[in-house]
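Remarks on the structure that follows.
The numbers here are math on the coordinates, done by the rules we state, and not lab data. This structure is a prediction, so every number in the text was calculated from the model and none was measured. All Cβ positions, glycine included, derive from the backbone under ideal geometry; neighbour counts span all protein chains shown.
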Amino acid sequence: MKPWLFLLAFALPGLSPAASLQPLNADAVDVLLQPPARGERFIALWSLDCAYCEANMQTLARLQQAHPERIELVTVATDSIAQRDAISARLDAAGMEQWPARAYADTTPDRINYLIDPQWGGEMPRTLVIRADGSRRGLSGALTPEQLAKLR
């Protein structure tokens, strides 16, 4: 690849695969869980081996696009950041590259699970909603319209 083409690919966000993928370690969980200034933050927890996760992320993306002034969306891969290429490729294939994305970067992933949501047993997919008032609600499994209504 020509050097200028390589630089161009990373200068244009739409061309760089999951450019926003960032590591998430235990120390950074508090920042992720801070209530948003307004509205709600939806955290889509997913993994590479989850059959329903992509559909959930896309459902949440459509919801966020319908209410951009009120809803933030962040995806969190529970896979190791060492799998960056596979995670980025999956996010790109799902059309999720425009939202902030994190991947676990801790040697104890169960600890991060607990810090994110002590009520969560690790089942996938998991959606956590954090409201501006600090209240939270979590739901595991594929999202149905009824379950989505409960989260909101």
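Give, rounded to the nearest 20 debye, the magnitude of the charge dipole that the chain has about its Cα centre when Lys and Arg contribute +1 at Cβ and Asp and Glu contribute -1 at Cβ. If you can, show how the numbers build up before the last one.
Numbers: 15 positive and 17 negative charges, 77 e Å.
Around 360 debye, computed over the chain.
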Within-15-Å neighbourhood charge of residue 101 [Cβ basis; K, R +1; D, E -1]: -2
Cα gyration tensor category, rounded, prolate or oblate, for segment 35-132 with a/c compared to 1.5: oblate
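Looking at segment 17-151, send over the antiparallel percent of its DSSP beta bridges, to the nearest 5.
Details: 11 of 26 bridges.
The antiparallel fraction comes to roughly 40 percent.
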Estimated vicinal HN-Hα couplings, Hz - segment 23-38 in sequence order (Karplus 6.51, -1.76, 1.60; Gly, Pro = x): x, 10, 10, 4, 5, 8, 4, 4, 5, 4, 8, 4, x, x, 4, 8
By average C-beta atoms within 10 angstrom, highest first, the peptides 122-131, 48-57: 122-131, 48-57
Euclidean distance between Cα centres, segment 19-38 to segment 42-100, Å: 14 Å
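Provide the net charge surrounding residue 91, with neighbours chosen by a C-beta distance below 14 Å and charges set as Lys +1, Arg +1, Asp -1, Glu -1. The partial results should precede the final answer.
Details: positive: 84, 90, 102; negative: 54, 79, 85, 92, 97.
Taking every Cβ under 14 Å from that of residue 91, the sum is -2.
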Between helix 84-93 and the chain: long-axis angle, C-alpha atoms, 0 to 90°, nearest 10: 80 degrees
